């Protein structure tokens, strides 16, 4: 059977735009058909916003690349219409184990509580993720949604003209020009769009390299994340093992700094390393090999007029912790509802500045965690190594030391503390549902709470009264009423009330909390709705 990444899924087809007398204007153009670009496009199309995706390739990416997708990413994917397919295909896991030298020192469970639709993480090759996104695009197209993807269309020039963005595109039939009201650049870490606008990253490149290998094999390793510090098969370095679908395993091996990258990718170098790790008795085949260098960098700003950057084009982190693709999906989740309101004339242009501020905050959080992980995994001094090794030794028998072990703090959704869109917290409730936080899920009968939050602002009234909806300047928040007596598990009260008997929440379209109080007050909620749309 032909592999997904070998098949053109959006082949080049000549567009009428290429022979138009004047450049055709599009509402939104997305550059890049990776996970972030396609997610942004699908979200826009589902909101009724016309969107065009341009990509110089014609098929999904090769190699596993991003493989570890978090519960928050799956919740976003549910809203995009692909979540169940990802979970069905992916390898689910909650348990991780940490090894030091030749022994296990401890393990951890990432989803210790029940009542969530999605697992803590799934492992799924990026090409499978992209394939589901492309299938969703085709489904939306068939239903008449305003979305199009053009393969074999390489963007060669971009300029912000103030009232629009001018774009030049190269194809096998020659160049053509387009204009767009808005441009979202999702064209990866080497972003040509960023270069065309004369922009760059700020941050840090670490002096270390890792070998990534996708290995096809039959093995009886459990479905867990295994991380080794200083293992016998890779002395003074580290290693990571993850299971993926289709009998593919992802292996990361630390190599050090001064290496010949081309030589290290050759099978005659890779295979002996893998045999030392897996044993001579394990039969395997190499599917994909790459080498990466730790980088923790970001753009100074993600918004530049009518051009908005998301995903790796805006920020880079080290792979340990699964913060790359997961944070990219959170970028689009934050951006699209704001762009929709601006396009519809229901919010001022300044609302997009909050995308810049909130997602830079998220990028800084990821960079901080990735930097700390990298410093622990690859100590830069003898003293640091002595400290790290002592922590690992202690963690085998003493629980107090385990939080100090850092094999990659795994991706968690960002809480937008202090965002200008938040109203003051007026409820002595759980920290997990404070203003700025993404709403925690709760199982309600045969369904889940987050399913009820799809589309627009929501007023969530728990053991409290509130009107059916609240409208201000064309923006409407619809009301969902719940009673804790109808939830025998107690999860609704635990995650949204704490010790308070009642609560009313204002929830943004991206399922983040904007305000919470112990009761409904129209004036206060109207003010909170205006604040959350940057009108006050």
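The values are calculated or read from the model by the stated rules, or taken from the named source; none is laboratory data. Worth saying up front: this structure is predicted, and the values here are computed from it rather than measured. No Cβ is skipped: glycine too gets one built from the backbone with ideal geometry, and neighbour counts run over all protein chains shown.
The set of residues from segment 452-470 being loosely packed, with under 13 Cβ neighbours inside 10 Å and either free of Cβ contacts under 8 Å to residues at least 24 places away in the same chain or within 19 Å of residue 489 (Cα to Cα) (or both) comprises just one member, 468. Within the span defined as segment 154-175, every residue fails to be free of Cβ contacts under 8 Å to residues at least 60 places away in the same chain and within 27 Å of residue 81 (Cβ to Cβ).
Would you be able to say whether some residue in segment 481-497 is under 29 Å from the mean Cα position of the chain (by Cα), part of a loop (DSSP other than H, G, I, E, B) and within 19 Å of residue 435 (Cα to Cα)? Don't jump to the end; show me each part of the working.
Here is the first cut: in segment 481-497, the residues under 29 Å from the mean Cα position of the chain (by Cα) are 491-497.
Retained after the next criterion (residues that are part of a loop (DSSP other than H, G, I, E, B)): 497.
After this cut, where a residue has to be within 19 Å of residue 435 (Cα to Cα) as well, the list is 497.
Checked segment 481-497: at least one residue is under 29 Å from the mean Cα position of the chain (by Cα), part of a loop (DSSP other than H, G, I, E, B) and within 19 Å of residue 435 (Cα to Cα).
Among the residues of segment 195-204, are any part of a loop (DSSP other than H, G, I, E, B) and touching a helix residue (DSSP H, G or I) at 6+ places or on another chain (Cβ under 6 Å)? Scanning segment 195-204, I find no residue that is part of a loop (DSSP other than H, G, I, E, B) and touching a helix residue (DSSP H, G or I) at 6+ places or on another chain (Cβ under 6 Å), so the answer is no. Of everything in segment 163-195 that's modelled with pLDDT under 95 and surrounded by fewer than 18 Cβ atoms within 10 Å (Cβ to Cβ), which residue is nearest to residue 42 (Cα to Cα)? Ranking the qualifying residues of segment 163-195, first place goes to 189.
Taking segment 47-95 as the region of interest, the strands (runs of 3 or more DSSP E) fully inside it that hold 3 or more residues being over 24 Å from residue 453 (Cβ atoms) are 51-54. So residue 40 clears everything in (1) in contact with a strand residue (DSSP E or B) (Cβ under 9 Å, 6 or more places away or on another chain); (2) more than 22 Å from residue 343 (Cα to Cα); (3) in contact (Cβ under 8 Å) with a residue 60 or more places away in the chain except one condition, right? Which one? Unmet for residue 40, out of (1) in contact with a strand residue (DSSP E or B) (Cβ under 9 Å, 6 or more places away or on another chain); (2) more than 22 Å from residue 343 (Cα to Cα); (3) in contact (Cβ under 8 Å) with a residue 60 or more places away in the chain: (2). Summed over segment 420-451, residues that are surrounded by fewer than 19 Cβ atoms within 10 Å (Cβ to Cβ) and closer than 30 Å to residue 350 by Cα total 8. Applying the criterion of being assigned to a strand (DSSP E or B) and out of contact with any helix residue (DSSP H, G or I) (no Cβ under 6 Å at 6 or more places or on another chain) to the residues of segment 124-156, the residue that is farthest from residue 328 (Cα to Cα) is 156.
Among the residues of this structure, residue 259 does not count as one that is without any contact (Cβ under 8 Å) to a residue 60 or more places away in the chain, in contact with a helix residue (DSSP H, G or I) (Cβ under 7 Å, 6 or more places away or on another chain) and more than 28 Å from residue 194 (Cα to Cα).
Which of the following residues is within 22 Å of residue 6 (Cα to Cα) and either surrounded by fewer than 21 Cβ atoms within 10 Å (Cβ to Cβ) or over 14 Å from the mean Cα position of the chain (by Cα) (or both): 135, 97?
Details: 97 fails: within 22 Å of residue 6 (Cα to Cα).
Unique residue meeting the criteria: 135.
Tallying residues that are more than 18 Å from the chain's Cα centre (by Cα), surrounded by fewer than 18 Cβ atoms within 10 Å (Cβ to Cβ) and either outside any strand (DSSP E or B) or at pLDDT 90 or above (or both) within segment 108-121 yields 4.
Is segment 33-40 home to any residue that is assigned by TED's automatic domain parsing to the domain that holds residue 136, crowded, with 18+ Cβ neighbours inside 10 Å and at positive phi? No, segment 33-40 contains no residue that is assigned by TED's automatic domain parsing to the domain that holds residue 136, crowded, with 18+ Cβ neighbours inside 10 Å and at positive phi.
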